[in-house]
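The values are calculated or read from the model by the stated rules, or taken from the named source; none is laboratory data. In this text, all values refer to a predicted model and were calculated from it rather than measured experimentally. Please note: Cβ atoms are built from the backbone with ideal geometry, for glycine as well, and neighbour counts cover all protein chains shown. All accessible areas refer to the heavy atoms of the entire protein, side chains included, with ligands and DNA or RNA removed. Shrake-Rupley method; radii C 1.70, N 1.55, O 1.52, S 1.80 Å.
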Amino acid sequence: QAEALQRFIPYYVGSRLVRGLPLPLERTLAVNQNGFLGKGSEAVFKLWGLAPALTRRVRDLHPALIHAHFGPDGVTALPLARSLRIPLLVTFHGYDATVRDEYARRSFYNHRLYLRRRERLKREGKLFIAVSQFIKGRLVEQGFPLEKIVVHYIGVDTETFQPDPAVRREPIVLFVGRLTEKKGCEYLIRAMSRVQATMPQTELIVLGDGPLRGELEGLA
């Protein structure tokens, strides 16, 4: 998404590099530069928002804004946005807006930190982008200022990308994703049994792997 921007040059800033992401190294800045010191720097950044070297490097870029993806990353970026005195935008994609607080308190550290700093994010965040009307509704329920929320869908332009009616389609349902609970593949497999009861030629193809693979294969 960032590489497709027309009027901005995107730089990727975070606590550490994630393997498998094809990011342009010349525009990627991370707090954790590997090793024991890198892990220590990352911990300090997440706990207290302190990353002097990173802040200096980002300040030299004279950025227009920070766009954080997911609520927990928004609160992690708050100290950086405050130090640089630039607007912070946060996109909420799903679990960050839908998980109940009582569950989040038992979740991973970043999510617990998000709960502690959420009120600050509501005050200091410039704009909150919800990827659907449903996500917007959940943000409003949590007390995010309505005037700061914008709904912006992520997906293809269905006016530009339309299926070709001349192409012969096979009776196949395709699932692509990690085989984890939140992806809901279990419900798709159960639904397919009902579909195949009336359309036995229909086939479900699952592409992916994860901790539930054996369980889902047994269910199938």
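At-a-glance table
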quantity: Sequence ranges 12-23, 118-129, 49-60, 73-84, ranked by mean other-Cβ count within 10 angstrom, highest first; calculated: 73-84, 118-129, 49-60, 12-23
quantity: Carbon plus sulfur fraction of accessible area for the stretch 1-72, probe 1.4 Å, in percent; calculated: 60 percent
quantity: Dimensions in Å of the stretch 1-79 - Rg and Dmax from alpha carbons; calculated: 12.7, 39
quantity: Debye, to nearest 20: dipole size of the chain, +1 on Lys, Arg Cβ, -1 on Asp, Glu Cβ; calculated: 1100 debye
quantity: Lys/Arg +1, Asp/Glu -1 at C-beta; the chain dipole; positive extreme among 15, 79, 210; calculated: 79
quantity: Principal axis box of the chain, alpha-carbon based, largest edge first, Å; calculated: 62, 40, 38
quantity: Cβ-based net charge around residue 92, under 13 Å, with every Lys or Arg adding one and every Asp or Glu removing one; calculated: +2
quantity: Unit charges at the beta carbon, dipole of the chain: most positive-side option, 156, 29, 135; calculated: 29
quantity: Mean ellipticity per residue at 222 nm, deg cm²/dmol - from DSSP H runs of n ≥ 4 across the chain, formula -39500 (n - 2.57); calculated: -12000 deg cm²/dmol
quantity: Dipole moment magnitude, nearest 20 debye, the stretch 125-182 about Cα centre, only Lys, Arg, Asp, Glu C-beta charged; calculated: 220 debye
quantity: Value in Å of the Kirkwood radius, where the stretch 121-165 supplies the Cα pairs that are averaged; calculated: 12.1 Å
quantity: Förster-model FRET efficiency, 45 Å R0, residue 116 and residue 7, C-beta, rounded to 0.05; calculated: 0.80
quantity: Amide H contacts of residue 67 (H built 1.01 Å from N, under 5 Å, at least 5 apart or other chain); calculated: 89
quantity: Equivalent ellipsoid dimensions for the stretch 37-93 as semi-axes, Å, which come from the Cα gyration tensor, largest first; calculated: 18, 16, 8
quantity: Point-charge dipole on Cβ atoms (K/R +1, D/E -1) for the stretch 34-96, about Cα centre, debye to 20; calculated: 260 debye
quantity: Cα pair distances in the stretch 111-220, grouped into 10 Å bins until the bin that holds the longest one, percent each; calculated: 11, 24, 26, 25, 12, 2
quantity: Centroid-to-centroid separation of the stretch 159-220 and the stretch 1-67 [C-alpha atoms, Å]; calculated: 37 Å
